[in-house]
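Here the structure comes first, spelled out in structure tokens, and everything after it is commentary.
Since every read-out is calculated from the coordinates, none of them should be taken as a lab result. Note that the structure is a prediction, hence the values are computed from the model and not measured. Here the Cβ positions follow ideal geometry from the backbone for every residue, glycine too, while neighbour counts run over all protein chains shown.
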Ligand SMILES: C[S@@+](CC[C@H](N)C(=O)[O-])C[C@H]1O[C@@H](n2cnc3c(N)ncnc32)[C@H](O)[C@@H]1O
């Protein structure tokens with residue numbers, strides 16, 4: 001079965017080459033951070049954000065020795081302030097995996113206001129041809145409102161972006177969804 005998280009990687013894989021810049025906006029245990037780091041290689045750079053120190057600590061173990069990774073203990077709504085000015089308009093990929101960290105405190109989760117602020121910043125730092133992916137969890141507590149807000153924001157984007165939504169049709173409305181937003185021009 002194609003999971004939304006795997007789908008995000010499939011869409012991003014060809015856009016992230018050696019030397020690229022990428023952002024993991026929700027590091028958690030660092031699975032996506034490691035995947036991005038392997039794709040950008042030693043001459044690229046991956047910036048990862050999370051608000052939970054213990055998650056970043058687990059992620060740091062996972063990416064140990066990969067000097068292309070910078071883990072930042074900050075909310076993704078502060079993304080631009082933590083990226084070098086040289087990253088503006090050069091970021092190939094930004095990954096969001098919304099919601100809470102499995103197995104951890106479910107009340108520590110992404111929120112509509114900060115998610116929308118972070119998404120806007122992610123769209124602004126993208127390179128032409130770059131993509132933002134968001135895995136949405138309408139079945140989680142607060143997740144339906146967040147998913148709706150994010151989809152609404154994407155639906156109103158200017159024509160220099162292309163937003164595509166994918167989700168499992170023969171499942172409940174609570175199934176995770178993948179929103180992918182590409183910068184066209
Ligand atoms: C679904 S988990 C991410 C899982 C991760 N991709 C992995 O591979 O383990 C969502 C993460 O978002 C983090 N988070 C929640 N609010 C955040 C915010 N405002 N900024 C950055 N990270 C946030 C949570 O702490 C949690 O670790």
Inset, instruction - Report, ordered by the first and then the second residue, all pairs with beta carbons closer than 9 Å, sequence separation of six or more or different chains, a first member in segment 97-109 that is free of Cβ contacts under 8 Å to residues at least 12 places away in the same chain and more than 23 Å from residue 133 (Cβ to Cβ), and a second member that is assigned to a loop (DSSP other than H, G, I, E, B) and more than 9 Å from the ligand (Cβ to nearest atom). - result: 107/141
Inset, instruction - Restrict the check to segment 38-45 and report whether at least one residue is free of Cβ contacts under 8 Å to residues at least 60 places away in the same chain and either within 10 Å of the ligand (Cβ to nearest atom) or in contact with a helix residue (DSSP H, G or I) (Cβ under 6 Å, 6 or more places away or on another chain) (or both). - result: no
Inset, instruction - Mind telling me which of the residues 99, 103, 129 ends up being at positive phi and within 9 Å of the ligand (Cβ to nearest atom)? - result: 99
Inset, instruction - Read through the list (1) farther than 14 Å from residue 135 by Cβ; (2) touching a residue at least 40 places away in the same chain (Cβ under 8 Å); (3) near the ligand (Cβ under 7 Å from one of its atoms); (4) crowded, with 16+ Cβ neighbours inside 10 Å, then give the number of the only condition that residue 28 fails. - result: (1)
